1. Where residues in region 121-160 are of a type in the set (A, V, I, L, M, F, W, C) and touching a helix residue (DSSP H, G or I) at 6+ places or on another chain (Cβ under 6 Å), which of them is surrounded by the fewest Cβ atoms within 10 Å (Cβ to Cβ)?
2. State whether one or more residues within region 62-85 are more than 15 Å from the ligand (Cβ to nearest atom), in a loop (DSSP other than H, G, I, E, B) and hydroxyl-bearing (Ser, Thr, Tyr).
3. Any idea which of TYR224, TYR208 is in a strand (DSSP E or B) and among the hydroxyl-bearing types (Ser, Thr, Tyr)?
4. Identify the residue in region 41-61 that is farther than 19 Å from MET356 by Cβ and either outside the structural domain of GLU291 (by TED's automatic domain parsing) or not in a loop (DSSP other than H, G, I, E, B) (or both) and, among all such residues, is nearest to the chain's Cα centre (by Cα).
5. In region 343-360, is there at least one residue being free of Cβ contacts under 8 Å to residues at least 40 places away in the same chain and away from the ligand (no atom under 16 Å from the Cβ)?
6. Regarding ILE254, is this residue touching a residue at least 60 places away in the same chain (Cβ under 8 Å), open to solvent by 10 Å² or more (accessible area, probe 1.4 Å), more than 15 Å from the ligand (Cβ to nearest atom) and β-branched (Val, Ile, Thr)?
7. Take the conditions in contact (Cβ under 8 Å) with a residue 24 or more places away in the chain, surrounded by fewer than 20 Cβ atoms within 10 Å (Cβ to Cβ), in the same structural domain as ASP351 (by TED's automatic domain parsing) and within 15 Å of GLU336 (Cα to Cα) and apply them to LEU438. Does it pass?
8. Being assigned by TED's automatic domain parsing to the domain that holds ALA384 and touching a strand residue (DSSP E or B) at 6+ places or on another chain (Cβ under 6 Å) narrows it down to one residue among ILE284, ILE340, ILE268, ILE254; which is it?
Amino acid sequence: MKHSSPLYLTIVLIGLTQQLFAANPILQTKFTADPAPLVANGKVYLYTSHDEDDAPAGMAGFRMKDWQCYTSTDMVNWTDHGTLATLAVFPWAEQTNDAWAPQVIERNRKFYLYAPVSIPGWPKNAIGVAVADNPLGPFKDALGHPLVGPETGFIDPTVFIDDDGQAYLFWGNPQLWYVKLNEDMISYSGDIIEDASIAKTEGQPDPYHYQEGPWVYKRNEHYYCAYATTCCPEDIGYAMSNSPEGPWEFQNYIIHPDSRSSGNHPGIIDYRGHSYVFGFNYKINFAITEEHHERRSVCVSQFEYNEDGTIPELPWWEETEQVDQLEHLNPFARTEAETICWSEGIKSDRDPQNGMFIYPTRNGAYTQVKGVDFGEEGANTFTACIQYGGKEIDCQIELHIGSVDGEIIGSLPLNPTDTWLNKTISVHAPGGVHDLFLVFKGNSIDQLKLDYWQFMIRG
Ligand code: FUB
């Protein structure tokens, strides 16, 4: 099993069912947390932190070395772009762990990654900033040192640019701090301010339940500060204000604390006329083991603001409906194999030549691509870009529609090849909109890499 860790094999042998995870989590090929969505170039870029598969058992045993990025235009199929940046981007920071909750924002066609890291010594929490010309990077350290910190609790940055162009950096656990960023987005003016309204005072009531993970934004005339609420369990609460400088007034929980998740971290956006809140759960971890490991999975819920701008309280992630698909997927265009609504037994990686690809870790692994529109006529050929290093010739990619064991519309047999090649087969894909399942079969199927696929109609 050249691709897979023993831990992941345990995961896939559990045989997670699609029904179990009808709505959430939305990312399954890695453990991801701390979602930070950005709308840019007409897409949603979903930046996340990344929990390693081998994170130890126990609360707060984080093992985090890099940040990931996914994109979507339909909010249900997410394309995995792999590692966006590693701790090596900030060479002055601890290099073995603590790549915590990031956010990327855009200003003047440049993209700024703000990320909490650790500094050797004490206090250790600091926030770095890196810059790129493209939302997918490459990101380069802007300063050669932290933007703020080191100071205890300086974690979880969020950046907001007000209508007048003034940018603010907020962060912190268990207090909320902020500073005014200069237009260059990599320096600041004035003092670091501890927000007085949300501030906790020992022995005093804490009506805000603020813990960490702030997410500040403006919508219509209202300013919002959503955050992870008091530990533990943490969930998502929010406060509103007339100004980004406060005072903030606590409103409610968006998602009530739930013992199924010790932590959380909000990311909230509007996209194509809908509103979404992202967070995370531990559903996949707890499907594998009863033990708590810091192995989280990003989730999303759709909601509508109330008329007065307040946010309704939403059900727990697993109890919510899957968000609406905003457009159907066109199978006649090249589709990256790592574009997935749901998967089981699948991992992704990057090839130096072909970029991101997926690989099955076991016989029966599959991906589901939701809402694929085959048009009126359907399709009669299927091409996949593959590399297959297995010896056995009993392996194939089966194409099913409707469900993982639904109608088979074609089957692509695998022959050993040590180079990437396009292989085309005949299929009989009926017209209409269907969920497509790529099901990977055979004892050596873990030797397959799949880069992309495409259907066609040939006369
Ligand atoms: O992911 C590591 C830390 O856990 C984050 O920085 C916090 O927000 C919490 O999610």
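The values are calculated or read from the model by the stated rules, or taken from the named source; none is laboratory data. These numbers were taken from a predicted model, which means no experiment stands behind them. Here Cβ is always computed from backbone atoms with ideal geometry, including for glycine, and neighbour counts include all displayed protein chains. Accessible surface areas use protein heavy atoms only, side chains included; no ligands, DNA or RNA. Shrake-Rupley method; radii C 1.70, N 1.55, O 1.52, S 1.80 Å.
1. ALA130
2. Looking for residues that are more than 15 Å from the ligand (Cβ to nearest atom), in a loop (DSSP other than H, G, I, E, B) and hydroxyl-bearing (Ser, Thr, Tyr), one finds at least one in region 62-85, hence yes.
3. Among TYR224, TYR208, only TYR224 is in a strand (DSSP E or B) and among the hydroxyl-bearing types (Ser, Thr, Tyr).
4. The residue in question is ASP51.
5. The initial filter retains those residues of region 343-360 that are free of Cβ contacts under 8 Å to residues at least 40 places away in the same chain, namely 352.
Subset that is away from the ligand (no atom under 16 Å from the Cβ): 352.
For region 343-360, residues free of Cβ contacts under 8 Å to residues at least 40 places away in the same chain and away from the ligand (no atom under 16 Å from the Cβ): present.
6. So ILE254 fails the test.
7. Values: in contact (Cβ under 8 Å) with a residue 24 or more places away in the chain: yes; surrounded by fewer than 20 Cβ atoms within 10 Å (Cβ to Cβ): no; in the same structural domain as ASP351 (by TED's automatic domain parsing): yes; within 15 Å of GLU336 (Cα to Cα): yes.
Taking the combined requirement at face value, the residue does not satisfy it.
8. Selected residue: ILE340, the only one of ILE284, ILE340, ILE268, ILE254 that is assigned by TED's automatic domain parsing to the domain that holds ALA384 and touching a strand residue (DSSP E or B) at 6+ places or on another chain (Cβ under 6 Å).
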